[in-house]
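Okay, so here's the structure we're looking at.
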Amino acid sequence: MMRIGMLTSGGDCQALNAAMRGVVKTVINNSKEPVEFYGFEDGYKGLIYGKFRMLQGSDFSGILTRGGTILGTSRVPFKTIHEPDKNGLDKVEAMKQTYHKLQLDCLVMLGGNGSHKTANLLKSEGLNVVTLPKTIDNDLWGTDMTFGFQSAVDIATDAIDCIHTTANSHGRVFIVEIMGHKVGWLPLNAGMAGGADIILIPEIPYDINKVIDKIEERDRTGSRFTILAVAEGAISKEDAKLSKKEYAKKLANYKFPSVSYEVAAAIQEKTGREVRVTVPGHMQRGGSPCPYDRVFASRLGAEAGKLILKGEFGYMVAYKNREMVKMPLEKVAGKLKTVSPDADIIKEAKLLGICFGD
């Protein structure tokens with residue numbers, strides 16, 4: 001009898017269910033022995049507190065197109081993983097005990113950057129772990145693509161598309177705030193796909209005067225409107241020079257709901273132009289996965305299933321140079337895949353006339 005545990009950790013996204021379905025179908029269809037699947041509820045919390053349920057084949061029927069996660073998810077910050085909970089429970093030891101109590105042969109984890117740190121820790125503690133790269137931010141090191149990203153790009157692009165007509169009708173400056181706290185892959189791709197004139201991302205600190213120059217340039221050439229795709233983690237050149245302590249102090253006394261409203265206020269003050277801010281927010285995580293993500297997540301799930309059947313553990317299934325590969329967890333954990341200011345896609349965007357505020 002083979003026993004496999006599964007959990008989804010961190011923020012939700014599209015195609016989590018499709019990826020789990022890919023693992024289960026691959027293992028069941030190709031295993032030479034009976035298989036039991038245990039689903040841990042709400043991510044690592046389920047593994048810590050022993051909250052799980054045995055999964056049946058029917059649980060994976062009809063979920064290819066379903067968003068979210070049938071197991072539920074939560075965030076258990078890695079920086080607190082070694083701290084006892086409020087009742088003094090050792091979280092790491094509790095996860096190990098749950099794993100061994102169920103006599104699991106493997107734990108499958110679907111998660112992002114922080115979740116992979118915990119997965120690597122469990123691997124170092126002797127547990128058999130296989131992971132899949134999940135995040136709308138596409139910021140996991142070691143893989144060219146994560147599932148959930150393309151679906152989020154589609155939704156963010158739709159938001160920008162919808163703004164175009166009203167921006168043109170009223171001759172306004174519109175800011176669409178796109179998710180991306182530490183990295184800018186999502187706002188960069190959605191901004192380019194949606195025809196944004198200005199894209200502000202965390203990796204390229206912006207000069208508000210350069211942003212205003214672009215808006216005024218469009219005014220001079222007869223454009224009635226300007227659209228900015230602004231990452232939620234965009235930062236000005238002035239703020240980028242602050243120490244972490246100084247920046248934290250600024251945020252503690254921040255008078256704006258987010259950076260987009262700060263940018264909007266500066267544009268209005270310096271140009272007199274009417275500016276509107278739109279925040280799609282968690283819509284970018286929701287809904288059904290796009291066809292690309294359904295296929296991609298299914299492929300990742302199949303490759304994870306293959307690793308399990310071969311008894312190869314301690315890896316994240318990754319996508320590199322258009323091929324599925326296995327990436328050692330210790331090489332993935334704790335690393336972010338950021339947008340290089342010198343990346344080809346940035347250079348090409350600038351050739352198209354897109355301003356990054358630098």
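The set of residues from the stretch 345-358 being under 22 Å from the mean Cα position of the chain (by Cα) and loosely packed, with under 14 Cβ neighbours inside 10 Å comprises just one member, ILE345.
Would you point out which residue out of ASN87, ASN30 is open to solvent by 80 Å² or more (accessible area, probe 1.4 Å) and under 24 Å from LEU307 (Cβ atoms)?
Details: ASN87 fails: under 24 Å from LEU307 (Cβ atoms).
One residue alone meets the criteria, ASN30.
Looking across the stretch 263-300, the residues that are over 26 Å from MET324 (Cβ atoms), without any contact (Cβ under 8 Å) to a residue 24 or more places away in the chain and assigned to a helix (DSSP H, G or I) come down to ALA265, GLN268, GLU269, HIS282. Please go through the stretch 299-328 and pick out each residue that is crowded, with 17+ Cβ neighbours inside 10 Å and within 18 Å of the chain's Cα centre (by Cα). Residues satisfying the conditions are LEU300, GLY301, MET316, VAL317, ALA318, TYR319.
Among the residues of the stretch 264-286, those that are of a type outside the set (S, T, N, Q) and within 27 Å of GLY11 (Cα to Cα) comprise VAL277, VAL279, PRO280, GLY281, HIS282, MET283, ARG285, GLY286. In summary, strands (runs of 3 or more DSSP E) completely within the stretch 10-124 and bearing 2 or more residues that are more than 27 Å from the chain's Cα centre (by Cα) occur at 35-40.
For the stretch 205-217, the set of residues classified as part of a helix (DSSP H, G or I) and either open to solvent by less than 40 Å² (accessible area, probe 1.4 Å) or more than 14 Å from ARG273 (Cα to Cα) (or both) consists of ILE208, ASN209, LYS210, VAL211, ILE212, LYS214, ILE215, listed by residue number.
The values are calculated or read from the model by the stated rules, or taken from the named source; none is laboratory data. These numbers come from a predicted model, not from an experiment. Neighbour counts are summed over all protein chains in view; Cβ atoms, including those assigned to glycine, are modelled from backbone coordinates with ideal geometry. Note: accessible area is taken over every heavy atom of the protein model, side chains too, but ligands, DNA and RNA are not part of it. Shrake-Rupley method; radii C 1.70, N 1.55, O 1.52, S 1.80 Å.
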